[in-house]
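Enquirer: Structure below; questions to follow.
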Amino acid sequence: MDAAIKASDLTKFYGEICAIDHLAFEVESGEIFGFLGPNGAGKTTTIRILTGVIKPDLGSASIMSYDILKEPLKAKQVMGILPEMANAYIDLTAWQNLMFLGELYGVSATLRHRRAEALLKKFGLYERKGQLVRGFSKGMRQRLLICMALINEPEILFLDEPTGGLDVQSARLIRDMLQELNQSGITIFLTTHNMEEANQLCNRVAIINNGRIIALNRPEKLRAFSKKLQSVEVAFDKPVDSGSLKLPGVVQVKEMGDKVRLYTEDPNSLLLRMVEYAQANGLKFVTLNFLAPSLEDVFVTLTSPQEV
Amino acid sequence: MHDFIDVGLSQQLRRAYAICKKDIRIYYLKSPVIVLGILFPTFMFAAFLVGRDLDPPYLMSSLTTITIFFTSTAVVPLIVPWETRSRTLERLVSSPISIRTMILGDVLASFLFGLLFSLVPLTIGLALGVKILDAPVFLTGIMMASFCFSSLAAVLSTPPTDVPANVMMLSTLVKFPLLFISGVFVPIEKLPSWGVLGASTSPLTYFADLARYSITGVAYYPILLDFAILASFSILFLEASVRLHERNMSKRM
């Protein structure tokens with residue numbers, strides 16, 4: 001497949017602080033690419049460079065083969081963007097916001113009207129199209145911002161924390177829409193703190209920390225990344241001292257409510273020892289689950305200071 | 001200028017017009033702004049006319065200059081800081097428009113605002129029996145001055161702050177000294193040589209001269225020179241604001 005986004009050696013300094021450090025990656029056409037990282041890792045700086053809002057100190061990037069530094073307007077023309085902390089114009093109505101954005105992208109009046117109507121209906125805002133955005137809830141504003149990002153029918157959608165701080169229904173609606181948009185062929189570059197969201201939506205994810213990509217792979221591959229993150233979750237019919245469960249091969253023991261999670265690199269051997277332990281102590285299993293690491297586990301492990 | 005031409009000049013001009021319409025809707029069509037545009041020149045006229053022995057034609061030329069200057073420079077300096085603060089700027093900058101297009105849109109809205117409210121001193125002056133001797137020069141001068149002062153205001157909006165009060169302070173620090181050195185209140189020929197030198201550095205001087213010529217038939221500088229200098233200042237201010245905005249944009253984010 002062709003690369004929709006190519007970033008090569010991207011580096012950006014703010015004073016003496018290196019926000020992103022020689023980043024290089026490619027996003028293929030038609031994929032949902034997740035960009036994960038803790039606060040201050042360089043996600044927003046990267047997205048701002050890729051969308052032409054700021055310039056890198058070093059390196060280059062292209063969007064659908066347009067160099068963002070040499071042909072920024074052509075590159076921007078094929079993008080839809082939802083910046084982090086962005087706002088629609090609160091003194092304009094939802095409809096006026098969409099018309100304005102459409103004009104900025106050179107969309108003809110007929111198409112603007114048709115698309116605005118369809119988008120507002122799709123995102124459940126059509127009935128409120130004549131209201132000033134000032135009176136919109138956070139979820140409604142976010143949905144409107146996504147409509148604004150789609151008014152030019154972009155080939156690539158950049159979304160910086162699209163579901164951050166939203167209620168469950170709005171977040172779910174946006175996630176469903178993103179999947180639908182991706183199925184229609186739109187490439188999506190997504191930053192999120194929500195690991196489950198990244199796991200559900202993304203074909204591939206990159207984890208960035210201190211301005212560097214520390215992992216880039218499919219979510220399932222990343223989950224299998226660390227053997228020591230595999231665990232067995234167990235609950236017995238009687239309370240047990242969790243210290244006594246530090247059996248051979250157990251790396252860590254964590255109490256999780258009425259259950260205990262045992263981290264191990266060799267879950268098969270541990271299961272056998274657990275059975276022996278239960279028989280020896282006259283215990284019956286209430287729960288016994290083998291757990292692969294979550295994307296969140298991988299993320300926390302990779303981005304924790306001791307791993308750097 | 002490369003970006004501007006690259007994606008089509010007419011496309012970028014249309015997008016600048018879209019920004020102009022947005023600015024008018026959000027920033028100009030507000031009751032306080034409209035009331036200011038009407039009351040400010042009216043009260044200035046009254047303050048200078050009542051109880052003073054001032055020549056109405058000279059007064060009209062001076063107050064038209066002041067009105068266009070203050071109305072054209074009133075709102076533009078605040079737009080970019082406001083948009084930074086209200087978090088609409090990043091969305092604007094990431095759309096396919098150049099900084100030049102964005103600034104041109106802001107300047108265009110301000111130009112129209114200045115043009116509209118120049119009608120107030122004009123109407124009052126005409127009501128007082130003042131006659132305009134050279135209407136084409138006067139109208140062309142009003143348009144050029146409004147554009148020039150709007151471009152100056154765009155320069156004042158370049159400091160990378162999201163606090164409108166900071167820009168207001170800078171704006172006041174620039175605007176008032178500029179007004180007082182410009183031969184608006186005292187005819188240039190009556191200024192000392194250092195005053196004439198100072199006045200020659202201000203764009204207001206050249207519109208004040210044009211306005212005086214249009215109404216009284218007397219000008220200090222040749223009319224074509226007034227036009228040429230106003231045009232030069234416009235280009236200078238517009239270019240300076242574009243470059244400063246380009247340089248400072250990443251600091252706003």
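Here, each number is a calculation from the coordinates, and none is a lab measurement. Quick caveat, the model's predicted, so the values are computed rather than measured. All Cβ positions, glycine included, derive from the backbone under ideal geometry; neighbour counts span all protein chains shown.
Enquirer: Please give every one of the aspartates and glutamates within straight-line cross-link reach of B:Lys30, meaning a C-alpha to C-alpha distance under 18 Å, and leave out same-chain neighbours fewer than 8 residues apart.
Expert: Counting by Cα, and skipping residues close in sequence, B:Lys30 has these aspartates and glutamates nearby: A:Asp91, B:Glu83, B:Asp106.
Enquirer: Could you work out how far helix B:203-216 tilts from the main Cα principal axis of chain B, as a 0 to 90 degree angle to the nearest 10?
Expert: On a 0 to 90 degree scale, this one is about 40.
Enquirer: Please report how many Lys pairs in segment A:227-292 have alpha carbons closer than 25 angstrom, counting only residues at least 8 apart along the chain or sitting on separate chains.
Expert: Within segment A:227-292, the lysine pair count is 15.
Enquirer: Let me ask another. I'd like to know which of A:Gly211, A:Val275, A:Pro239 lies farthest towards the positive end of the charge dipole of segment A:168-308, counting +1 on Cβ of Lys and Arg and -1 on Cβ of Asp and Glu.
Expert: Result: A:Gly211, furthest along the dipole toward the positive end.
Enquirer: When the Kirkwood hydrodynamic radius is evaluated over all pairs of different C-alpha atoms of the protein assembly as shown, what value in angstrom, to one decimal, is obtained? Display every interim value, and only then the final one.
Expert: Numbers: mean 1/r = 0.0366 Å⁻¹.
By the Kirkwood definition, the hydrodynamic radius is 27.3 Å.
Enquirer: Where a ≥ b ≥ c are the square roots of the eigenvalues of the C-alpha gyration tensor, would you call segment A:258-301 rounded, which needs a/c under 1.5, or, failing that, prolate if a/b is larger than b/c, or oblate?
Expert: prolate
Enquirer: So how much slack lies between A:Arg212 and A:Lys70, counting 0.36 nm per residue of separation and subtracting their Cα-Cα distance, in nm?
Expert: Numbers: separation 142, 0.36 × 142 = 51.12 nm, distance 2.46 nm.
Stretched fully, the A:Arg212-A:Lys70 segment lengthens by 48.7 nm.
Enquirer: Count, for each residue of A:102-108, the Cβ atoms from other chains sitting within 10 Å of its Cβ, then give me the mean as a whole number.
Expert: Counting Cβ atoms of other protein chains within 10 Å of each residue's Cβ and averaging gives 6.
Enquirer: Could you pull the Cα extents of chain B along its three principal axes, largest to smallest, in whole Å?
Expert: Each principal axis gives a Cα extent; for chain B these are 55, 36, 32 Å.
Enquirer: For the ranges B:208-220, B:67-79, B:158-170, what's the packing order if you count other beta-carbon atoms within 10 Å of each residue, average per peptide, and put the highest first?
Expert: Output ranking for B:208-220, B:67-79, B:158-170: B:67-79, B:208-220, B:158-170.
Enquirer: Need the list of aspartates and glutamates near B:Lys190 for cross-linking: C-alpha distance under 19 angstrom, and skip anything on the same chain fewer than eight residues off.
Expert: Output for B:Lys190: B:Asp53, B:Asp55, B:Asp209, B:Asp226.
Enquirer: Follow-up question, since we're still on this one. With the cut-off at 1.5 for a/c, could you classify chain A from its C-alpha gyration tensor as rounded, prolate or oblate?
Expert: Verdict is prolate for chain A.
Enquirer: Also, I was wondering about something else. How well do other chains shield peptide B:17-29, expressed as the mean number of their Cβ atoms within 10 Å of each residue Cβ? Don't jump to the answer; show the numbers that get you there.
Expert: On the way: counts 1, 8, 3, 0, 4, 10, 0, 0, 6, 6, 1, 0, 1.
Across the residues of B:17-29, the mean count of other-chain Cβ atoms within 10 Å is 3.
Enquirer: Counting only DSSP beta bridges with both residues in segment A:3-223, tell me the antiparallel percent, nearest 5.
Expert: Values: 21 of 38 bridges.
For segment A:3-223, the DSSP antiparallel bridge percentage is about 55.
Enquirer: To continue, here is another question. With the cut-off at 1.5 for a/c, could you classify segment A:195-252 from its C-alpha gyration tensor as rounded, prolate or oblate?
Expert: prolate
Enquirer: Which of the residue pairs A:Lys55/A:Lys138; A:Lys6/A:Lys55; A:Lys55/A:Lys221 have a Cα-Cα distance greater than 26 Å in the structure shown?
Expert: Over 26 Å apart, Cα to Cα: A:Lys55/A:Lys138; A:Lys55/A:Lys221.
Enquirer: Sticking with this structure for a sec: Kindly provide the GluC sites (Glu not before Pro) of segment A:60-145 that DSSP labels as loop, not H, G, I, E or B, and whose Cβ sees at most 16 other Cβ atoms within 10 Å.
Expert: Sites meeting the loop and neighbour criteria: A:Glu84.
Enquirer: As a test, work out the antiparallel percent of DSSP beta bridges whose residues both lie in the protein assembly as shown, rounded to the nearest 5.
Expert: Roughly 70 percent of the beta bridges in the protein assembly as shown run antiparallel, per DSSP.
Enquirer: Run lengths n ≥ 4 of DSSP H only: what is the helix-derived mean residue ellipticity at 222 nm for the protein assembly as shown, with -39500 (n - 2.57) per run over all residues, to the nearest 500?
Expert: Values: 23 runs with 292 residues, N = 561.
The helix-only estimate for the protein assembly as shown comes to -16500 deg cm²/dmol at 222 nm.
Enquirer: Here's something else I'd like to know. Multiplying the sequence separation of A:Lys246 and A:Ile90 by 0.36 nm and subtracting their Cα-Cα distance, what value in nm do you get?
Expert: 50.4 nm
Enquirer: FRET efficiency for A:Ser294 and A:Glu265, Cβ-Cβ distance as r, R0 = 22 Å, nearest 0.05? Intermediate results must be reported in sequence, preceding the final value.
Expert: Numbers: r = 17 Å, r/R0 = 0.77.
For R0 = 22 Å, the calculated efficiency reads 0.80.
Enquirer: Can you give me the angle between helix B:76-85 and the longest principal axis of chain B, using Cα atoms only, in degrees from 0 to 90, rounded to the nearest 10?
Expert: 30 degrees
Enquirer: What average count of beta carbons from other chains do you get within 10 Å of the Cβ of residues in A:72-78? Spell out each step's value before the answer.
Expert: Details: counts 6, 14, 4, 1, 7, 4, 1.
Counting Cβ atoms of other protein chains within 10 Å of each residue's Cβ and averaging gives 5.
Enquirer: Grab the eigenvalues of the alpha-carbon gyration tensor for segment A:179-308, scale each by 5, take roots, and send me the semi-axes largest first in whole angstrom.
Expert: Each semi-axis is √(5λ); the values are 35, 16, 12 Å.
Enquirer: Using the alpha-carbon atoms, what tilt in degrees (0 to 90, nearest 10) does helix B:164-180 show relative to the longest principal axis of chain B?
Expert: 30 degrees
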